[in-house]
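Peer 1: Structure provided below as structure tokens; questions to follow.
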Amino acid sequence: MEKELHEPVDMCLGDGTLNQAAVGWSRFPLHRANLKGWGRRKRFDYWCIVSPEMILAFSISDTDYKAATSMFFLDRKTQTETTAGSMDWFRSNPTSRAPWGTEAIHSGKKDIDIAITPGDQTMLLTVATPQVNAEIEVSIPADHQSMGVLVPWSEKRFQYTRKDNCLTASGRVRANGVTYQLDEKSTTATMDHGRGKWPYETLWNWASGSGTTNGEEIGLQFGAKWTAGTPSTENALRLGGQIEKISEELEWTYDTENWMAPWTIKGERVDLLFTPEYHRHSEFDKKIVSSREDQAFGYFSGTVWSLSGRAYPVEDVFGWAEEVHRRW
């Protein structure tokens, strides 16, 4: 079992190497990202808002030598996709360096102006692009648990990731001339917050789902590949509002020649089938720096088990599963 942390801790020692006391996981944000050493530091924040009518996702990242912002919108009925992005080489984004939840993070770009603004048990998300505008308020109760974990590859390479799902959101999205009203009873928000010092080349899986089973809240959070060989995983279940960590590396099966084919994710406490409804592909290749993302949105079904052995049926829980390869 991985060590659970209960007190705030610095990720780095004074010389910028890994603080071994920070290796572990937590239910609340406890890791302080005191990163040092230019060039390998990665800071990114990703949000995905899902309603029955649409999906809106965006990310703001700072990799020392590059500041990037991207936005993805999907009308789920027409499957019309709208994207926007910016990439500024040899420029960093200083707003990503403040401790999480203390100051706004924003892109500051005229053609893709995105901001993440913390409030009192809320997070305000605003998006402004030529085709998509949004004002969304995400509710984050003080007792809301999330899955945070520090993954160590070595003393010089390590990553803290915090995944948070089953959040509720309300507001308005206007895309391509259509207005989508977001009702907190049917709209969910998921966050991916990352701070660390990554190796040059990385391959990862991520899957997330938010829903209910027999009237109880259920959240699915799984990762793979990038944590293999470390003492950490980013696997967890949210059952009735409580995070239950899974320290086992799970077995993923999917077809890289057909991303719309069913996926499976299995382990001692997980037996799930994921059926996609939409595939999003994104890539760029600058030779030295490159990224390829294949993300499928769809439904999870199957069974998961609590630490006590109780079986929870998973029926049509919406979410996504992805494979990402980066050289950065």
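The values are calculated or read from the model by the stated rules, or taken from the named source; none is laboratory data. The structure presented is a predicted model; accordingly, all values stated were derived computationally and were not measured. Counting neighbours? That spans all protein chains shown, and the Cβs are built from the backbone with ideal geometry, glycine included. SASA here: full protein model, heavy atoms, side chains in, ligands and nucleic acids out. Shrake-Rupley method; radii C 1.70, N 1.55, O 1.52, S 1.80 Å.
Peer 1: Tell me, in nm to one decimal, what length is gained between residue 179 and residue 83 on full extension, where the rule is 0.36 nm per residue of separation less the Cα-Cα distance?
Peer 2: 32.9 nm
Peer 1: Moving on to the next point. Taking the Cα centre of the chain as the origin and placing charges on Cβ (Lys, Arg +1; Asp, Glu -1), which of 19, 300, 279 is farthest toward the positive end of the dipole?
Peer 2: 19
Peer 1: Work out the length of the dipole vector of the range 4-143 about its Cα centre, built from +1 on the beta-carbon of each Lys and Arg and -1 on the beta-carbon of each Asp and Glu, and round it to the nearest 20 debye.
Peer 2: Approximately 520 debye in magnitude.
Peer 1: Work out which GluC sites (Glu not before Pro) in the chain are exposed loop sites (DSSP not H, G, I, E or B, at most 10 other Cβ within 10 Å) and give the longest gap free of them.
Peer 2: 1-256
Peer 1: Using r as the Cβ-Cβ distance of residue 156 and residue 282, and R0 as 25 Å, what FRET efficiency do you calculate, to the nearest 0.05?
Peer 2: Efficiency, from the Cβ-Cβ distance: 0.30.
Peer 1: With Cβ to Cβ distances under 15 Å as the rule, what net charge do the other residues near residue 284 carry (K, R +1; D, E -1)?
Peer 2: That works out to +2.
Peer 1: Say each of residue 98 and residue 122 gets a label point 7 Å from the Cα, pointing the same way as Cα to Cβ; how far apart are those two points in nm?
Peer 2: Simple spin-label model gives 1.7 nm for this pair.
Peer 1: Follow-up question, since we're still on this one. Quickly work out the residue 292-to-residue 200 label distance, labels modelled 7 Å from Cα along the C-beta direction, and quote it in nm with one decimal.
Peer 2: 1.8
Peer 1: Give me the distance in nm between label points sitting 7 Å out from Cα along the Cα-to-Cβ direction at residue 20 and residue 275, one decimal.
Peer 2: Computed distance between label sites residue 20 and residue 275 equals 4.9 nm.
Peer 1: Could you go through the range 54-64 in sequence order and give the Karplus-derived ³J(HN,Hα) for each residue, using 6.51 cos²θ - 1.76 cosθ + 1.60 with θ = phi - 60°, rounded to whole Hz, and x for Gly and Pro?
Peer 2: The phi angles translate into 8, 10, 10, 9, 8, 9, 10, 9, 9, 10, 6 Hz.
Peer 1: Would you mind working out the magnitude of the charge dipole of the chain relative to its Cα centre, with +1 at each Lys and Arg C-beta and -1 at each Asp and Glu C-beta, to the nearest 20 Debye?
Peer 2: Dipole magnitude for the chain comes out near 1160 debye.
Peer 1: Carbon and sulfur atoms: what percent of the 1.4 Å accessible area of the chain do they account for?
Peer 2: Exposed carbon and sulfur together represent 49 percent of the surface.
Peer 1: Okay, next question. Tell me, what is the per residue accessible area of the chain in Å², probe radius 1.4 Å?
Peer 2: 43
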